[in-house]
Amino acid sequence: MTTTDHAPATILATHRYALHSQTIGETFQIDVALPSPWMGMRRDYPLPVIYVMDGNTVFGIAAQALRFLQNADGVPPCLLVGVGYQLGGPRRRRDYGWLRTRDLTPSSDDAFHETLLAQMGDQPVPDIGPAGGGEAFLDFLIGEVRPFIAERYATDPGDQTLVGSSLGGLFSLHAYLTRPGAFTRHVANSPALWWRDSEAFATEASAQPDRDTRLFLSVGGLETDPRWPMVDHMRQMAQRLSARGLPVASHVFEGESHTSVIPAALSRGLRSVLAPLPTGAIPS
């Protein structure tokens, strides 16, 4: 039978919440994906948690990719949490770039600010705080989002992963360098290491990352614009960290751009940092 009626398509076994941050003064969209329903798990089994930044654009890709990995590639059951913005009310889609710039960066960058202003053209500049709010956003993740999730789901507080791309990749790497032990695994794809005259390299030089924390760095092979030398920067960071004996894996995805690399980086990155699940070890 054919019908002309329709309803929104949804991802199975996902939930959406609104969470107001006392730290930032912003209401965030929190999306949660449970492990594949076909894994037959106990509801009270404490799950590792994966926090993915840019939830508005990346959550759906990450949720489905993670389920494929859990079903066929030995990745353990995990809870996926996407952190994004409510863009249907006072905040609009045009605000998205300003919001993520505020929250995912460790400092201000005048050159990038001018780029955002140029993109606005004649449109009014949104009333959003300046760049450099990364520390406050990290406090929000650890002090507000993490307890919010733990109150509603069985989670493993000792197994927490932080995933981000572009500015989100810079954010994940910055947390790895400056908050040792806050997360047990990090995936940083196409990290914006050009930010503020590549200050991340100075941060790395003085940082003391946790030696048990696993890190995966990646970039698309086409990310070679001289203004943002993403490939060279990623390779330099990976070499510097590896030379210190830290557990770092990295990969350049040849033929992929800054945007097309995201699905591949999610898949490879999660497989890299998550310990393989032994055969027959799915809790039931």
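Odds and ends about this structure:
- Scanning region 218-249 for residues that are assigned to a strand (DSSP E or B) and surrounded by fewer than 19 Cβ atoms within 10 Å (Cβ to Cβ) turns up just one, Ala249.
- Residue in region 188-210 that is modelled with pLDDT of 95 or more, of a type in the set (Val, Ile, Thr) and within 22 Å of Ile50 (Cβ to Cβ) present: no
- Pairs where the first residue, in region 110-129, is under 14 Å from Leu99 (Cβ atoms) and free of Cβ contacts under 8 Å to residues at least 24 places away in the same chain and the second is open to solvent by less than 40 Å² (accessible area, probe 1.4 Å) and part of a helix (DSSP H, G or I), C-beta under 7 Å, 6+ apart: Leu116/Gly97; Leu116/Trp98; Leu116/Thr101
- Residues located in region 173-190, provided they are under 13 Å from Met234 (Cβ atoms) and either open to solvent by 10 Å² or more (accessible area, probe 1.4 Å) or part of a helix (DSSP H, G or I) (or both): Leu173
- Evaluation of Met53 against (1) at pLDDT below 95; (2) under 16 Å from Gly269 (Cβ atoms); (3) open to solvent by less than 40 Å² (accessible area, probe 1.4 Å); (4) not acidic (Asp, Glu) (one fails), failing number: (1)
- Thr23 being open to solvent by 20 Å² or more (accessible area, probe 1.4 Å) and in contact with an Asp or Glu (Cβ under 7 Å, 6 or more places away or on another chain): yes
- So Gly255, is it open to solvent by 30 Å² or more (accessible area, probe 1.4 Å), on the phi > 0 side of the Ramachandran plot, modelled with pLDDT of 95 or more and out of contact with any Asp or Glu (no Cβ under 7 Å at 6 or more places or on another chain): yes
- Flag for Ala264 being part of a helix (DSSP H, G or I), among the small types (Gly, Ala, Ser) and in contact with an Asp or Glu (Cβ under 9 Å, 6 or more places away or on another chain): yes
- Taken as a whole, the structure places Ser166 among residues that are touching a residue at least 60 places away in the same chain (Cβ under 8 Å) and closer than 19 Å to Ser267 by Cα.
Conditions (1) within 22 Å of Thr115 (Cβ to Cβ); (2) of a type in the set (A, V, I, L, M, F, W, C); (3) touching a strand residue (DSSP E or B) at 6+ places or on another chain (Cβ under 7 Å); (4) at pLDDT 90 or above, marked per residue:
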residue: Leu66; (1), (2), (3), (4): no, yes, yes, yes
residue: Leu69; (1), (2), (3), (4): no, yes, no, yes
residue: Gly82; (1), (2), (3), (4): no, no, yes, yes
residue: Tyr85; (1), (2), (3), (4): yes, no, yes, yes
residue: Gly97; (1), (2), (3), (4): yes, no, no, no
residue: Thr101; (1), (2), (3), (4): yes, no, no, yes
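- Inter-residue pairs, beta-carbon under 6 Å, first of a type in the set (Val, Ile, Thr) and in region 5-25, second surrounded by 12 or more Cβ atoms within 10 Å (Cβ to Cβ) and outside any strand (DSSP E or B), 6+ apart: Ile11/Ala63; Thr23/Ala136; Thr23/Asp139; Thr23/Phe140; Ile24/Ala136; Ile24/Phe140
- Single condition Asp156 does not satisfy, out of (1) open to solvent by 20 Å² or more (accessible area, probe 1.4 Å); (2) of a type in the set (Asp, Glu); (3) under 24 Å from Met230 (Cα atoms): (3)
- Helices (runs of 4 or more DSSP H) enclosed by region 60-167 - at least 3 residues per element that are under 26 Å from Ala18 (Cβ atoms) and touching a Ser or Thr at 6+ places or on another chain (Cβ under 7 Å): 134-140
- Hits in region 93-147 - residues which are surrounded by 20 or more Cβ atoms within 10 Å (Cβ to Cβ), of a type in the set (Val, Ile, Thr) and closer than 19 Å to Gly82 by Cβ: Thr101, Val145
- Filtered by the rule that a residue be assigned to a loop (DSSP other than H, G, I, E, B) and surrounded by fewer than 17 Cβ atoms within 10 Å (Cβ to Cβ), region 191-206 gives a lone residue, Glu199.
The values are calculated or read from the model by the stated rules, or taken from the named source; none is laboratory data. As the structure is a computational prediction, the values presented were derived from the model and not from experiment. Cβ sites come from the backbone with ideal geometry, for glycine too, and all protein chains shown count toward neighbours. The accessibility values were calculated without ligands, DNA or RNA, using every heavy atom of the protein model including side chains. Shrake-Rupley method; radii C 1.70, N 1.55, O 1.52, S 1.80 Å.
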